[in-house]
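Below you'll find the structure, written out as structure tokens, and then a few comments.
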Amino acid sequence: MLRLIEAIATGLARKGWVLRTGLSPGADQAFHRGACAGGGRVELYLPWSRFQAHARLQGTAGQVRVLPAASPAAHELAARFHPGWEGLAADARDLLARDGHEVLGAELCSPVRFVVCWSAEGSLDGAGLYTEGTGQALRIAHHHAIPVFNLGRSDVHL
């Protein structure tokens, strides 16, 4: 699955798409690798500045824009989409807040055209996925009527 995600990102990058990711282990890092391999522009939305620093590819500074922490507005947005927000630790809140930036951009006003992701449940709206960032991103995308291509579904065709 990670090879497929990397290939999708490479293809989109070669077509001139700006690709957003949060650099979490797994799909996010595969998406980052693929985007950079395709020579595309990447926006990295991180929960804190040193998050997964070892996974950042060297020699990509000109094509990678980094937002090193989620904004206060992203935290407010995240609280609206996570039912257990008050019970979360600060680092978990930071992780979930940056998902808003991944979907809506640095200023939270430039939504992506679509979301490519993988979850075992194949969710399109993030309902019930409260322990991971993918669910948070899907809830935000669903609220903004952004199409989702979840590779965990058998009916996805890219």
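Only the coordinates and a few stated rules stand behind these numbers; no lab work does. Fair warning: this is a prediction, and the values are worked out from it, not measured in the lab. Note that we place each Cβ from the backbone using ideal geometry, even for glycine, and neighbour counts take in every protein chain shown.
Points to keep in mind about this one:
- Options Ala78, Ala70; residue that is surrounded by 21 or more Cβ atoms within 10 Å (Cβ to Cβ) and part of a loop (DSSP other than H, G, I, E, B): Ala70
- Condition check for Leu96: assigned to a loop (DSSP other than H, G, I, E, B), surrounded by 14 or more Cβ atoms within 10 Å (Cβ to Cβ), in contact with a Leu (Cβ under 9 Å, 6 or more places away or on another chain) and among the hydrophobic types (A, V, I, L, M, F, W, C): no
- One residue stands out in segment 49-63 among those that are of a type in the set (A, V, I, L, M, F, W, C) and surrounded by fewer than 17 Cβ atoms within 10 Å (Cβ to Cβ): the one that is farthest from the chain's Cα centre (by Cα), namely Ala61.
- Summed over segment 99-114, the residues that are surrounded by 19 or more Cβ atoms within 10 Å (Cβ to Cβ) and either farther than 17 Å from Pro68 by Cβ or over 11 Å from the mean Cα position of the chain (by Cα) (or both) give a count of 3.
- Test: residue in segment 18-28 that is among the basic types (Lys, Arg), surrounded by fewer than 22 Cβ atoms within 10 Å (Cβ to Cβ) and either touching a strand residue (DSSP E or B) at 6+ places or on another chain (Cβ under 6 Å) or at positive phi (or both): no
- Scan of segment 2-48 for residues that are in a loop (DSSP other than H, G, I, E, B) and under 11 Å from the mean Cα position of the chain (by Cα), ordered by number: Gly22, Leu23, Ser24, Leu46
- Thr131 meets the conditions (1) among the β-branched types (Val, Ile, Thr); (2) in contact (Cβ under 8 Å) with a residue 60 or more places away in the chain; (3) assigned to a loop (DSSP other than H, G, I, E, B) in every case but one. The failed one is (2).
- Qualifying residue in segment 30-38 (condition: surrounded by fewer than 21 Cβ atoms within 10 Å (Cβ to Cβ) and out of contact with any Asp or Glu (no Cβ under 6 Å at 6 or more places or on another chain)): yes
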